[in-house]
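Notes follow the structure.
The values are calculated or read from the model by the stated rules, or taken from the named source; none is laboratory data. Being a predicted model, the structure only gives us computed values, none of them experimental. FYI the Cβ positions are ideal-geometry reconstructions off the backbone, even for glycines, and counts take in every protein chain you see. Ligands, DNA and RNA are stripped out before the accessible areas are found, and what is left, the full protein with its side chains, is counted by its heavy atoms. Shrake-Rupley method; radii C 1.70, N 1.55, O 1.52, S 1.80 Å.
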Amino acid sequence: MPNAVEIHWAWLIPALPALGAFANATIGKKLQDRLGKGAVHGIAVGAMVLSTAVAWAYFAVMLGTPAEDRYLHQTLWPAFAAGSLRVDLAFALDPLSMMMTLVVTNIATLIHVYSIGYMAEEPSYWRFFSYMNLFVFSMLLLVMGSNFVILFFGWEGVGLCSYLLISFWYTDLDKARAGMKAFVVNRFGDFAFIIGLFALMWGLGGSWTGQKSGGLSLRDGYAASAVYAPLHDGATAAEAEAMTPREHGIAVGPTLDFRELRAEILAPETGILTHLKTTTIFGLPLVAFVCILLFGGATGKSAQIPLYVWLPDAMAGPTPVSALIHAATMVTAGVYMVARLNFLFALSPAAMTVVAAVGTLTAIFAAAIGFFQVDIKKVLAYSTVSQLGYMFMGVGVGATWAGCYHLLTHAFFKACLFLGSGSVILACHHEQDMRKMGGLKDHTPITRWTYAVATLAISGFPVAAGFFSKDEILWKTFTTENLAAPWIGPVLWFVGLVAAAGTSFYMWRSYYLTFWSGSYRGGSGHGEHAHGGEEGMHEAHAPRESPVVMTGVLLALAAGAVLASVLGLPSAWGFTPILESFLEPVTSASRDLLHFSEPGRGLELFFMLVSVGVATAGWLVAAWLYKTGENPRPAAWLAKYAGLHRVVFNKFYVDEIYAATILRAAMWVKDVAFWFDVHVIDGLVNFVGVVVRFVANVDGAIDRYVVDGLVNLTAEAVLASGRGLRKLQTGRIENYLMTALAGALAFVAINYLVH
Amino acid sequence: MIGRMLAGSSNPPGLPGGGRDGLVYEAKDLFGLGQLSDFLWYALAALTVGSAAGVAFSRNIIYSAFSLLGTFLGAAAMYVYLAAPFVAITQVLIYIGGVLVLILFAVMLTSRIRDVQISNGSLAPLPGALGLLACAGLLGYVGGSTPWHEVARPEMIDQAQALGDGFLSTYLLPFEAASVVLLATLVASVVIARRETDEEEAAGRSEAADRGGAGTPPGAVRAGGRAAHGPPATEEV
Amino acid sequence: MLHVGLAHFLAVGALLFALGAYCVTTRKNAVGILMGVELILNAANVNFVAFGHYSWGGIHGQVFALFVIVLAAAEAAVGLAIVLTLYRHYKTIDVTRAERLEG
């Protein structure tokens, strides 16, 4: 096992945003009232800047470490111990975590700065920044946690913050409802996730009592010495360490630590690999079962089929939230988790196939819905779902680094797109309907150019980063040999290519509808999306460019979307992708398990051309239809294929299908339970009530005549004795003392005599 | 002699192995009746019990208070015999230096100098005496006739240190509780005294007003002002 | 005569206790009662230290004696403060005369 580098200040990275969140949650309102909003965002942005600085410092430390030792680790304290399981509150920064940490801190800092402008008129400014900082804290726990527990803590924490921020304007019932929907849909995924985790623990021989459970037996190839001894509660870390049996320096047994898990799975002499491969659960191979359930968790958090439905509704939150949480960071948590566990997923072609297929399906499905959306944020939401599908495609076919690279580039261009849309929305006085925009290119030049750059990136033109990451994913999908059947890869590649064309089309459509297509159509002022307290704030009706804190951030993100290309210039062009070699210590875990065919460089270059070709085609069609705003065809086609359009516009009625099936089933169960309650349980209760009343009557008679008699007798006796004893109450303390003394002496005497 | 006495005190007689090794304690049979330290012990016990009897039976409370001095000193000597010098010194410091002085003050403050006889009246002396005899007899008999479990004591070198360690380890909780009790005592005493002072002041003011401004120092125990508060108490003579 | 042993100390303790109890039960004077209490406490202390010395070993008996001394000091302070208060109210410290409950 390579050496780990112990570090001591990693906790600062999540702790600073946590501190900022705490400060704004407690004294934020007072600060805002007394010192103005500057104090509030001063705290929030200051915490983010410091946190980012620490992250960069550790990045420098990591670069100074030999590649095989790039595992920065810090254990704070033991979180809990249960049975044979010990869980530490520990942070780990390996190249993957490091990349995620840098993405989260940097993008979050930029978006915090952007929010200063975007939320300037918000009365509960402090609450917004407190939530944002809390989100960053949770997200950093998620990516920096060295074990499943910390990851899960962050996982739930980001879910909570997502809920809080979607329903940030909670007085609007629709927005509050969208928050609840996100929360509830995520519960489905989290349920699968945690079941998968339990199954994994069971498979590794974990049990509550510290004795080995049914999942593991000596026959499975565990050396006798390798069967761990139960660890006792209260044992110190050193004792536990000493008591954990080791096989070739590797701790064997149930663990939730990623590094330990990876080490014990990778070392064949521990027998765990064989054990995991041969064990079945409910007739399914254990590894596939675990991986699919864990991926189920990812479909919730990362909005994949079938649990993607919450993400478009999540656009009810403020736009910076959409950019940070629902585009750049939180929704990539599932991709991060699958990438982190690449050594586990690589063991099961079935699970890989599920991941890749679901990702591809989501990519094209969401792209199709995106075609006809009119709300600019909804378009971006579906494009996010679609791009997340690409990421899962990448990690699913075994190209872990490509999935992560797409995650990175997507964070830049999608944050840029969302923030651009926010800038547009602000310029149009909280109007989100693209049909009421148009012609903004002259009013908001910076927003327009940055949006264009980001659109170039997402639709896959080789000037911006999105092309390289998406193309790498498509190429790996075509050449993969890791799926259940060899024909699946090329099929997925083709579907992905079509989705790429669709992406290009709807993104350019949104660009032209917003910034071109004639002159500004809004004009009339406030749209239906204007939220409380802001009406009448805008005097001028003409769209204006946003303040410099917003446009500056847009420029930075657009620059990032272009410059990130440097990290992944393809090997087909004669480069070595920097990110691939950087992530090598992480992906090496599954290197021997994953294989790709090598059809040759010529084919790869040809596929690149094809990619660019379909992207250009999408662009041209969009430009033809929407650039001038005078082409009658869109309207004519809409009239002609009204039925199809209605289906797509209504998102294939997935929400309605869910309402008709899952929700209705739940309601049916509720009704049955209610009927059962009314007719059976209430009947029982009433019967019991009748019986009890009868018994009570009998009891009452007894009480009246027997018990009361006794009670009265007792009272009379006490009264009489009281009359007699009253004479002893002299009121003189000496007499009492004397009596007490006599009693004490009597006790001494009796005690002595008895003994 | 003193050295021997002290040596004897750290190894009291009457115990197997208690100083019988002849190194520090030389067993000396005086008049064939016992050892010197035994005689000394009996003398001190007589002082203790005699003084206690003085406390209990004296008609004059001042004599009682001074007799208490003898009892406390005698008890301190008992502790020295029991190899507990620290307790003995504490006894002297706190009981004699603190409690006894307090009692003397109380006696002085509550008895007027003009009272010729400072009473220490008692009630029902006869049942009290009977109780006394029964109590002493029973306890003494039980204590003397029970075969108490006795152990060979380890040599105690540094008692103050051992006590300090004990207070801060095994007995930390009672130790802290005692500190709380002391604090409460302090506060309680202040509260009791202060309220009375205020009332005295109020009474003094009203009285001074009655008398046309001739003030008296507040807090002083005076015969006057009785009418202002409290019942017209009969003087106990 | 006998060598001094545990029983001797117990006898002294018993006598002290009996005298203290007598004092407490018969005195009319509040200060006298307090003196009796001090006697009783001393009797207990002698027993503690004696048992600690002969029967238990170590410092445990002494520790309790020290606690008793501390609490006795507290008790004396509060008790005498009460006596003084009593005196100021009733102009007497005869406990048989201080019968009224209200101040």
Inset, instruction - Would you tell me the mean number of C-beta atoms belonging to other protein chains that fall within 10 Å of each C-beta in C:75-87, as a whole number? - result: 6
Inset, instruction - Indicate the gyration tensor shape class of the stretch C:6-90 (rounded, prolate or oblate), computed on the Cα atoms with a ≥ b ≥ c the square roots of the eigenvalues: a/c under 1.5 is rounded; otherwise a/b larger than b/c is prolate and the rest oblate. - result: oblate
Legend entry - For the stretch B:66-93, residues shielded by at least 50 square angstrom of accessible area compared with the chain on its own, probe 1.4 Å: B:Y79, B:L82, B:V87
Inset, instruction - Taking 7 Å along the Cα-to-C-beta vector as the label spot, tell me the A:R34-A:F494 distance in nanometres, rounded to one decimal. - result: 6.9
Legend entry - For chain A, the longest site-free run once GluC sites (Glu not before Pro) in DSSP loop states with at most 16 other Cβ atoms within 10 Å are removed: A:122-480
Legend entry - Residue-averaged beta-carbon neighbours from other chains (10 angstrom radius) around A:736-749: 4
Inset, instruction - Rounded to the nearest 10 degrees, what's the angle between the helix A:95-118 long axis and the longest principal axis of chain A, both from Cα atoms, 0 to 90? - result: 80
Legend entry - A:T65/B:Y42 FRET efficiency (R0 51 Å; Cβ-Cβ; nearest 0.05): 0.05
Inset, instruction - Mind pulling the angle between the C-alpha long axis of helix A:125-144 and the longest principal axis of chain A? Nearest 10 degrees, somewhere in 0 to 90. - result: 90
Inset, instruction - List the longest stretch of chain A that has no exposed loop site; here a site is one of the chymotrypsin sites (Phe, Trp or Tyr not before Pro) assigned by DSSP to anything other than H, G, I, E or B, with at most 16 other Cβ within 10 Å. - result: A:10-169
Legend entry - Within the stretch C:6-103, GluC sites (Glu not before Pro) in DSSP loop having at most 13 other beta-carbon neighbours inside 10 Å: C:E99, C:E102
Legend entry - Solvent-accessible area buried by B and C, counting both chains, probe 1.4 angstrom, square angstrom: 7800
Inset, instruction - Would you please classify the overall shape of the stretch A:49-182 from the alpha carbon gyration tensor, given that a ≥ b ≥ c denote the square roots of the eigenvalues, rounded means a/c under 1.5, and beyond that prolate means a/b larger than b/c while oblate covers the rest? - result: oblate
Inset, instruction - Determine the calculated [θ] at 222 nm for chain A from helices alone, applying -39500 (n - 2.57) to every DSSP H run no shorter than 4 residues and normalising by the residue count; nearest 500 deg cm²/dmol. - result: -21000 deg cm²/dmol
Legend entry - Acute angle (nearest 10 degrees) that the helix A:37-63 long axis makes with the longest principal axis of chain A, alpha-carbon atoms: 80
Inset, instruction - Among the lysines, select those whose C-alpha is under 23 Å from the C-alpha of A:K670, and discard any that sit fewer than 8 residues away in the same chain. - result: A:K181
Inset, instruction - Considering Cα pairs under 8 angstrom that are at least six residues apart, work out the relative contact order of chain A and quote it in whole percent. - result: 11
Legend entry - Three-way shape label, the stretch A:60-129, alpha-carbon gyration tensor, a/c 1.5: oblate
Inset, instruction - Under a cut-off of 25 Å between alpha-carbon atoms, report the lysines in cross-link reach of A:K175, not counting same-chain residues fewer than 8 places apart. - result: A:K29, A:K37, A:K301, A:K377, A:K378, A:K414, A:K436, A:K651
Legend entry - Carbon + sulfur, % of accessible area of chain A - ligands and nucleic acids excluded, 1.4 Å: 69
